[in-house]
Amino acid sequence: MNPCPCGYAGDRRGRCHCTAEQIIRYRNRISGPLIDRIDIHIELAPLPVEDLMGAARERVTADDSPTVARRVAAARSVQLQRQEKLNARLSPDEVSRFCGLAKEPRALLATVIARLGLSARAYHRVLKVARTCADLGGAPDIRIADVAEAVKLRVLDRPTC
């Protein structure tokens, strides 16, 4: 979805002239229960013209596709060995069993839940995404960084203005 009615909220060139009220009303068109059912929601910045036109090929900083594919395949394999299904398919009981948190990650998530008012469904989604982040990083347990990353990947849970 667009970030606001005109589609330019957050644009560095200031093209958005939507009021805070218009943005809130626009975002509220999608119900909380529907948002809760989406594991990941992120904001993407516009692609710079040189990247769009292919001129910036030499300054690639991210992993290339084959490297990412290997990491994803390894994470999927770990998930299937650990619980015989992918993290996204875990039931709430299985989330409790396979997505346990140590003291520090648990404290971070408790703070996030309190500040953002996350629902139980959103809480389970965050845990599953955090478990996936840990799997992608090759970590046996969910770390603080994994919880933080999972929360960052849920921008629609944050207040609009």
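None of the figures in this text is laboratory data; all of them are computed from the coordinates on show. Since this is a predicted model, take the numbers as computed values, not measurements. Every residue, glycine as well, gets a Cβ built from its backbone with ideal geometry; the counts of neighbours run over all protein chains shown.
In whole Hz, with x marking every Gly and Pro, tabulate ³J(HN,Hα) for the range 142-158 from phi via Karplus 6.51 cos²θ - 1.76 cosθ + 1.60, θ = phi - 60°.
Working through the residues one at a time gives 6, 9, 4, 4, 5, 5, 4, 5, 4, 5, 4, 7, 10, 5, 6, 7, 8 Hz.
At 0.36 nm per residue, minus the direct Cα-Cα distance, what do I24 and A73 gain on full extension? Give it in nm, one decimal, please. Numbers along the way, then the final one.
Details: separation 49, 0.36 × 49 = 17.64 nm, distance 3.90 nm.
Going from the current span to full extension adds 13.7 nm.
If N is the number of residues in the chain, what value comes out of its Cα radius of gyration divided by 2.2 N^0.38 Å?
Numbers: Rg = 18.2 Å, N = 161, 2.2 N^0.38 = 15.2 Å.
Compactness ratio reported: 1.20.
Neighbouring Cβ atoms within 10 Å as the yardstick, rank H41, H124 fewest first.
So the residues, fewest neighbours to most, are H41, H124.
Modelling each spin label as a point 7 Å along the Cα-to-Cβ direction, I'd like the S119/K103 distance in nm, to one decimal.
Roughly 3.4 nm, to one decimal.
Where does the charge balance sit around S119 when Lys and Arg score +1, Asp and Glu -1, over other residues with C-beta under 15 Å from its C-beta?
Net charge in that neighbourhood comes out at +4.
With only alpha-carbon atoms in the gyration tensor, what are the semi-axes of the equivalent ellipsoid for the range 62-157, in Å, largest first?
22, 16, 12
Around D11, which amide H atoms from residues at least 5 apart in sequence, or from another chain, sit under 5 Å from its own amide H, with H modelled in the peptide plane?
Under 5 Å from the amide H of D11: C16.
May I ask you to derive the relative contact order of the chain, considering only C-alpha pairs under 8 Å and at least 6 residues apart, and to give it as an integer percent?
With pairs under 8 Å counted, the relative contact order is 28 percent.
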